[in-house]
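The block underneath contains the structure these notes are about, expressed in structure tokens.
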Amino acid sequence: MNDAVSFRRMTEADLNTVLKIEYQAFSHPWTRGIFLDALKSYDCWVMTAGEQQVGHGVINVILDEAHLLNITIKPESQGRGLGLRLLEHLLQEARKAKANECFLEVRASNQSAYRLYERYGFNEIGRRRDYYPAVGGREDALVMACTLLD
């Protein structure tokens, strides 16, 4: 993959594009309010390819643990390795903040994300029943963890 990508911290000015990507990518996207709260409390990043915003991610580090809260790639940009590049960036930031381990939840039905996390070294460690809203009810989350020590 030859796409030149860059990362920068998300600002409130990015939210219109962030929300457009969220709503294209997910049946139950994060809201503007959730992102506004995230900007105050978490590490929020935007990924660009050229001049185009192609993804974003949110990670929280407390002491030596990181929690990946959101990772989103624009649907038409998926399948080009950008999700892995964004994941690597977020986890590198977590390492800089002295995190030794990262946790995440992923929808049980989101097999492409599950495979991405597995490829990076995440292992499934549990299940949260009815964690996510879903069309027609609720959906389980698979809890995954990865050691970040080099």
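The values are calculated or read from the model by the stated rules, or taken from the named source; none is laboratory data. Small disclaimer: the values here were computed from a predicted structure and weren't measured. Methodologically, a virtual Cβ is constructed for each residue, glycine included, from the backbone with ideal geometry; neighbour enumeration extends over all protein chains shown.
Do we have Ala97 as of a type outside the set (D, E, K, R), at negative phi and surrounded by 19 or more Cβ atoms within 10 Å (Cβ to Cβ) here? If you could, list the steps in order and put the result at the bottom.
Working: of a type outside the set (D, E, K, R): yes; at negative phi: yes; surrounded by 19 or more Cβ atoms within 10 Å (Cβ to Cβ): no.
Judged against the criteria, Ala97 is not a match.
Mind checking whether some residue in region 120-127 is loosely packed, with under 15 Cβ neighbours inside 10 Å, at pLDDT 90 or above, in contact with a Gly (Cβ under 8 Å, 6 or more places away or on another chain) and outside any helix (DSSP H, G or I)? I'd like the intermediate steps shown before the answer.
Restricting attention to region 120-127, the residues satisfying the condition of being loosely packed, with under 15 Cβ neighbours inside 10 Å are 121, 123-127.
From what's left, at pLDDT 90 or above: 121, 123-127.
Narrowing further to those that are in contact with a Gly (Cβ under 8 Å, 6 or more places away or on another chain): none.
Looking for residues that are loosely packed, with under 15 Cβ neighbours inside 10 Å, at pLDDT 90 or above, in contact with a Gly (Cβ under 8 Å, 6 or more places away or on another chain) and outside any helix (DSSP H, G or I), one finds none in region 120-127, hence no.
Name the pairs: first residue in region 102-128 and over 18 Å from Arg138 (Cα atoms), second residue outside any loop (DSSP other than H, G, I, E, B) and polar (S, T, N, Q), Cβ to Cβ under 8 Å, at least 6 apart or on different chains?
Partner pairs satisfying both residue conditions: Gly121/Thr147.
Please list, ordered by residue number, the helices (runs of 4 or more DSSP H) wholly in region 1-100 having 3 or more residues that are in contact with a Lys or Arg (Cβ under 7 Å, 6 or more places away or on another chain).
15-25
Given the conditions (1) closer than 28 Å to Arg138 by Cβ; (2) without any contact (Cβ under 8 Å) to a residue 24 or more places away in the chain; (3) of a type outside the set (S, T, N, Q), and given that Lys74 satisfies all but one, which numbered condition is not satisfied?
Result: Lys74 passes all but (2).
Filter region 101-113 for residues that are surrounded by 15 or more Cβ atoms within 10 Å (Cβ to Cβ), at pLDDT below 95 and out of contact with any Lys or Arg (no Cβ under 8 Å at 6 or more places or on another chain) and give the result.
Arg107, Asn110
Taking the condition of being modelled with pLDDT of 95 or more and either more than 15 Å from Glu93 (Cβ to Cβ) or among the β-branched types (Val, Ile, Thr) (or both), how many residues in region 42-62 meet it?
Narrowing region 42-62 to residues modelled with pLDDT of 95 or more: 42-48, 53-62.
Checking which are either more than 15 Å from Glu93 (Cβ to Cβ) or among the β-branched types (Val, Ile, Thr) (or both) leaves us with 46, 48, 53-54, 58-59, 61-62.
Looking only at that region, the number is 8.
Within region 80-109, work out how many residues are in contact with a strand residue (DSSP E or B) (Cβ under 9 Å, 6 or more places away or on another chain) and among the polar types (S, T, N, Q).
Result for region 80-109: 2.
Would a scan of region 40-50 turn up a residue that is more than 27 Å from Leu149 (Cβ to Cβ) and among the acidic types (Asp, Glu)?
So the first thing to find is which residues in region 40-50 are more than 27 Å from Leu149 (Cβ to Cβ), and the list is 40, 46, 48-50.
Imposing the further condition that a residue be among the acidic types (Asp, Glu) reduces the set to none.
Looking through region 40-50, none of the residues is more than 27 Å from Leu149 (Cβ to Cβ) and among the acidic types (Asp, Glu).
If Leu84 meets every condition in (1) within 24 Å of Gly126 (Cβ to Cβ); (2) touching a Pro at 6+ places or on another chain (Cβ under 9 Å) apart from one, which number is that one?
Here Leu84 clears every test but (2).
Only one residue in Gly50, Gly83 is in contact (Cβ under 8 Å) with a residue 24 or more places away in the chain, more than 30 Å from Val135 (Cα to Cα) and not aromatic (Phe, Trp, Tyr). Which one?
Working: Gly83 fails: more than 30 Å from Val135 (Cα to Cα).
Being in contact (Cβ under 8 Å) with a residue 24 or more places away in the chain, more than 30 Å from Val135 (Cα to Cα) and not aromatic (Phe, Trp, Tyr) holds for just one of Gly50, Gly83, which is Gly50.
Can you tell me which of (1) assigned to a strand (DSSP E or B); (2) under 14 Å from the mean Cα position of the chain (by Cα); (3) over 17 Å from His28 (Cβ atoms) is the one Glu105 doesn't meet?
It fails just one condition, (3).
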